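The values are calculated or read from the model by the stated rules, or taken from the named source; none is laboratory data. A quick note: this is a predicted structure, and the numbers were derived from the prediction, not measured. Neighbour counts are summed over all protein chains in view; Cβ atoms, including those assigned to glycine, are modelled from backbone coordinates with ideal geometry.
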Amino acid sequence: MAQNIVIKEISYLKILRILIGKWHWIAFSLILSLSIAFTYLTFTAPVYKCNASLKFEEKRSELSELTSIRNIYERTNKVESEALIIKSRSVLTKAIRLLNYNVSFYRRSNFKLAETYPTKPLTIKITWRNQRTPVTIFAFQAISHNRFKLSYKDAGSNQVHHYYKYGDLINHPNASFKILASDNALLHKEVVSFHFNTDTELIERITRSLRIDDHQNINVLNLGITDHNPYFATDILNAILEQYLIFDKYQRLSSASQTEKFIETLLNTISVTADSSAQVFQKFREEESFPRSNDAHEYLEKLSILQNEAHVISTKILESSFIKKSMDSSGNEDHFNDNLLSVTDPQLIYLITKYNELLAKKRESVHLFPKRSVFLTQIEQQIAELKIAISKNVGSQHEVLIKKNELLKSKTDQLLLKLKTFPRRERQFAALQSRSEIQQKVLNYLIEKKLEAQVSKSAVTPGALIIDKAVAPSEPIAPIPRNIYTISIFCSFLLSTGAILIAKKLNPHIHTREDIEDATDIQILGVVPKYKHADLLSIPTLHNPECLFSESIRMLRSNLSFLAAEKSSKIIHITSEVSGEGKSFLSVNLATSLSLINKKVILIAADLRKSSLHKILNLPSQPGLSNCLVTEIGIGNIIKNTNIPNLDFISSGTIPPNPAELLHSKKMEDMLIVLRKSYDFILIDSAPVGIVSDCKPMIKMADINLFIIRAGVSRHDYAFTPQTLKKEFNLSNISIILNDFQPNNFHAPYYKSKRTGINYQNYNYSA
């Protein structure tokens, strides 16, 4: 069994025509979207972005190269940790203080307040303010050259107005200040708004817009900040970079400063003792003059060497005691420079280096994490473990140094016993000389170490370099008018196109023959265009035969000749789904067209409930069909001659209480048999099939059934009725007429279709 399948293919040309058919929708959407875009650009403050870049590198000056001082302020993850420091509250607070932006001024522009920074229209001196509580916005308005009006809202949100002179003290619950002068460029009665900034507000403003991005595999950070004021964004970003470099240098100086302080303490103590010994020895030499034996001189040199070694060991004992005391102290967490403290043990150097790294990491993180966070707790635990390890290592070395010191003391005592054999004055001279030389050597050693510490401190530089400073941008990054208008045009076209296609899809009415073909396989006998004249009681096929409507009726008449061709007299039944679809108007014009080709035609008004045919033909409605079927009136008495040749008419007659039963009667059937003998065409205009069942007897009696669908009135589901009637009455003679059609690109289909014959049995499909 072959079945025609409709293959649909989207036609973009037809879609374009559909859109053109509703061009006014697109125009309205375009105007609306452009108006919204213009309003948005007018009321939205532009956003600017400025950028800066920072490179991290370990700088080593010539002094640091000479002294081979190693920088102990290092981070394990340089770029990431520095980004966290830049965003820290301490750096941002110092940058804000550097900017000295205590008061923000605003002027009204395009119906919104615009910040005037860096311009200051007013000179304000703040005498007191509450940093914790934000102060309300004040509105300044100049009244004369020495008076002004100040407006603000009080605690109850009531508008308050006060008048002051320049220099008057203005007291507010959260601030006291004086307005000393105003800009001469201020217009008379121009309003300038201002409010006092707090550190918290500015930090929140900065952190919301500050973005830091790092480059892969290189120690470079790109910093960007967005703000409605390009000059504020530029200045605050440069201030942040400046304060970060100061912070970084301060952290690097902490180790050298602490070491220098320790050496200074030792130096102050030793210098006093050394000066005293030198003075005593010098005085003894001046007062006493005697020759020294070679043996005494030899013993004195040996004693000097032993005492020098003993003093070096004593200095190391002091250093180890200092380190151990620092490690045992729970509140002390200072960096140690192992170079300046003469640390030579590789294990101790490694432990001190790791200890310094953890201290640096903790100082970075303390501003970024809560005090009792897991991250900080782990760092503190690692620092405590390292302090224990350093303390044990230094303790064991301390014990070794004490034993060495005791051994040297024993050797020194032996030499001193031998020196006692020499004369008393010679022994006394040797002892004073030895003490003075040893103390002077220790003093020189400490002076050398102090110089190294000072060199180390002066050689410290920030570990970062500003590659590009922030520069005030001239163009905003948002909103960009060109982009906004482009997006609005695109959206307007997209929305209007969607609205048009959705409106077309949701339209419940049939407009084209394609709509009928999509719903049913019943053939379409013809398409009748809309008759545009107002007088619908006229008969266009008679009075206006040259019009398009009359031509379509003639085409319909031609198509009818191919249906039931074997019949010499044809009964044509005309119905529709509901009233108002033009079946009576079509019936009259079709009957008239048939009569014009010398065919004997009779038109029967079988809509016994609500017929209008007699009005179109200007004939009385009684007696009519119902009278003939109810009474004994003969058929000849109800046939009325029209003023149209070859066309007769039977009106509906009196409205009966049982029209369905009358039309289903044997008398009605007999009447049609009689009329067949006298007429070539019998046209029956019946009641709508979707409302009443009056027409169902006529359907079975007719040779041709015509179902009228009116474009723009009939719903899509009406197209299923002919198929239902065909199945219900096993009809093969039913066709559809599309009435009142008018071409409209909007209602045209957006696909091109072609039918192809496919045998469903080959695919195991049922028909």
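Exactly one of (1) farther than 30 Å from Tyr40 by Cα; (2) not in a helix (DSSP H, G or I) is unmet by Ser474. Its number?
(1)
Would you check if there is a residue in the stretch 710-729 being in a strand (DSSP E or B), modelled with pLDDT of 90 or more, among the hydrophobic types (A, V, I, L, M, F, W, C) and in contact with a strand residue (DSSP E or B) (Cβ under 9 Å, 6 or more places away or on another chain)? Show your work before the answer.
Keep residues of the stretch 710-729 that are in a strand (DSSP E or B), which gives 710, 715.
In the following step, the residues that additionally are modelled with pLDDT of 90 or more were identified as 710, 715.
Still in the list and also among the hydrophobic types (A, V, I, L, M, F, W, C): none.
Scanning the stretch 710-729, I find no residue that is in a strand (DSSP E or B), modelled with pLDDT of 90 or more, among the hydrophobic types (A, V, I, L, M, F, W, C) and in contact with a strand residue (DSSP E or B) (Cβ under 9 Å, 6 or more places away or on another chain), so the answer is no.
Of everything in the stretch 362-380 that's in contact with a helix residue (DSSP H, G or I) (Cβ under 9 Å, 6 or more places away or on another chain) and at pLDDT 75 or above, which residue is surrounded by the most Cβ atoms within 10 Å (Cβ to Cβ)? If you could, list the steps in order and put the result at the bottom.
Just the residues of the stretch 362-380 that are in contact with a helix residue (DSSP H, G or I) (Cβ under 9 Å, 6 or more places away or on another chain), to begin with: 362-370, 373, 375-376, 379-380.
Still in the running and at pLDDT 75 or above: 362, 373, 375-376, 379-380.
Details: Lys362: 17, Ser373: 13, Phe375: 13, Leu376: 17, Ile379: 19, Glu380: 13.
Looking at residues that are in contact with a helix residue (DSSP H, G or I) (Cβ under 9 Å, 6 or more places away or on another chain) and at pLDDT 75 or above, I get Ile379.
Do we have any residue at all in the stretch 512-523 that's in a loop (DSSP other than H, G, I, E, B), in contact with a Ser or Thr (Cβ under 6 Å, 6 or more places away or on another chain), farther than 30 Å from Pro656 by Cα and not β-branched (Val, Ile, Thr)?
Going through the stretch 512-523, the residues in a loop (DSSP other than H, G, I, E, B) turn out to be 512, 520-523.
Subset that is in contact with a Ser or Thr (Cβ under 6 Å, 6 or more places away or on another chain): 523.
Filter again for farther than 30 Å from Pro656 by Cα, leaving 523.
Still in the list and also not β-branched (Val, Ile, Thr): 523.
For the stretch 512-523, residues in a loop (DSSP other than H, G, I, E, B), in contact with a Ser or Thr (Cβ under 6 Å, 6 or more places away or on another chain), farther than 30 Å from Pro656 by Cα and not β-branched (Val, Ile, Thr): present.
Residue pairs, Cβ under 7 Å, 6 or more apart or interchain, first in the stretch 189-200 and within 22 Å of Ala95 (Cβ to Cβ), second among the charged types (D, E, K, R) and part of a strand (DSSP E or B). List them.
Phe196/Arg129
One line per residue, one yes/no per condition, for (1) assigned to a helix (DSSP H, G or I); (2) closer than 26 Å to Asn483 by Cα; (3) at pLDDT 80 or above; (4) in contact with a Phe, Trp or Tyr (Cβ under 7 Å, 6 or more places away or on another chain):
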site: Ile15; (1), (2), (3), (4): yes, no, yes, yes
site: Ile18; (1), (2), (3), (4): yes, no, yes, yes
site: Ile26; (1), (2), (3), (4): yes, yes, yes, yes
site: Ile31; (1), (2), (3), (4): yes, yes, yes, no
site: Ile36; (1), (2), (3), (4): yes, yes, yes, no
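Could you list, in sequence order, the residues of the stretch 547-589 that are buried (at least 24 other Cβ atoms within 10 Å of the Cβ), of a type in the set (A, V, I, L, M) and touching a Lys or Arg at 6+ places or on another chain (Cβ under 7 Å)?
Scanning the stretch 547-589 gives a single hit, Ile574.
Specify which of the listed residues (Asp670, Asp680, Asp694, Asp648) is within 17 Å of Ser611 (Cβ to Cβ), at pLDDT 85 or above and charged (D, E, K, R). So that I can check it myself, show each step before the final result.
Details: Asp670 fails: within 17 Å of Ser611 (Cβ to Cβ); Asp680 fails: within 17 Å of Ser611 (Cβ to Cβ); Asp694 fails: at pLDDT 85 or above.
Checking each option against the conditions leaves just Asp648.
Of the residues Ala478, Ala464, only one is touching a Pro at 6+ places or on another chain (Cβ under 8 Å), of a type outside the set (S, T, N, Q) and touching a residue at least 40 places away in the same chain (Cβ under 8 Å); which?
Details: Ala464 fails: touching a Pro at 6+ places or on another chain (Cβ under 8 Å).
The conditions single out Ala478.
State yes or no: is Ala687 touching a residue at least 60 places away in the same chain (Cβ under 8 Å) and out of contact with any Lys or Arg (no Cβ under 8 Å at 6 or more places or on another chain)? It would help to see each step written out before you state the result.
Values: touching a residue at least 60 places away in the same chain (Cβ under 8 Å): yes; out of contact with any Lys or Arg (no Cβ under 8 Å at 6 or more places or on another chain): no.
No; evaluated as a whole, the condition is false for this residue.
Condition check: touching a Lys or Arg at 6+ places or on another chain (Cβ under 8 Å) and in a loop (DSSP other than H, G, I, E, B). Does Ser538 satisfy that? If you could, list the steps in order and put the result at the bottom.
Working: touching a Lys or Arg at 6+ places or on another chain (Cβ under 8 Å): no; in a loop (DSSP other than H, G, I, E, B): yes.
So Ser538 fails the test.
For (1) more than 31 Å from the chain's Cα centre (by Cα); (2) surrounded by 12 or more Cβ atoms within 10 Å (Cβ to Cβ), each residue gets a yes or a no:
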| position | (1), (2) |
| --- | --- |
| Ser474 | no, no |
| Asn483 | no, no |
| Ser488 | no, yes |
| Lys505 | yes, no |
| Ala519 | yes, yes |
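Being β-branched (Val, Ile, Thr) and modelled with pLDDT of 80 or more is the filter; apply it to the stretch 236-279 and report the residue that is nearest to Lys449 (Cα to Cα). Walk me through it before giving the result.
Within the stretch 236-279, the first condition is being β-branched (Val, Ile, Thr), and the residues that meet it are 236, 240, 246, 259, 263, 265, 269-270, 272-273.
Now narrow it down to the ones that are modelled with pLDDT of 80 or more: 236, 240, 246.
Values: Ile236: 42, Ile240: 36, Ile246: 27 Å.
Ranking the qualifying residues of the stretch 236-279, first place goes to Ile246.
Quick one: in the stretch 101-119, which of the residues that are surrounded by 16 or more Cβ atoms within 10 Å (Cβ to Cβ) and outside any strand (DSSP E or B) is farthest from the chain's Cα centre (by Cα)?
So, considering only residues that are surrounded by 16 or more Cβ atoms within 10 Å (Cβ to Cβ) and outside any strand (DSSP E or B), the one farthest from the chain's Cα centre (by Cα) is Tyr101.
Could you say which residue among Ile236, Ile218, Ile212 is outside any helix (DSSP H, G or I) and surrounded by 17 or more Cβ atoms within 10 Å (Cβ to Cβ)?
Ile212
Go through (1) out of contact with any Leu (no Cβ under 9 Å at 6 or more places or on another chain); (2) more than 21 Å from Tyr445 (Cβ to Cβ); (3) at pLDDT below 75; (4) not in a loop (DSSP other than H, G, I, E, B) for Ser304 and report which single condition fails.
That leaves (2) as the condition not met.
Just checking, how many residues over the stretch 134-184 are under 41 Å from the mean Cα position of the chain (by Cα), in a loop (DSSP other than H, G, I, E, B) and surrounded by fewer than 11 Cβ atoms within 10 Å (Cβ to Cβ)?
4
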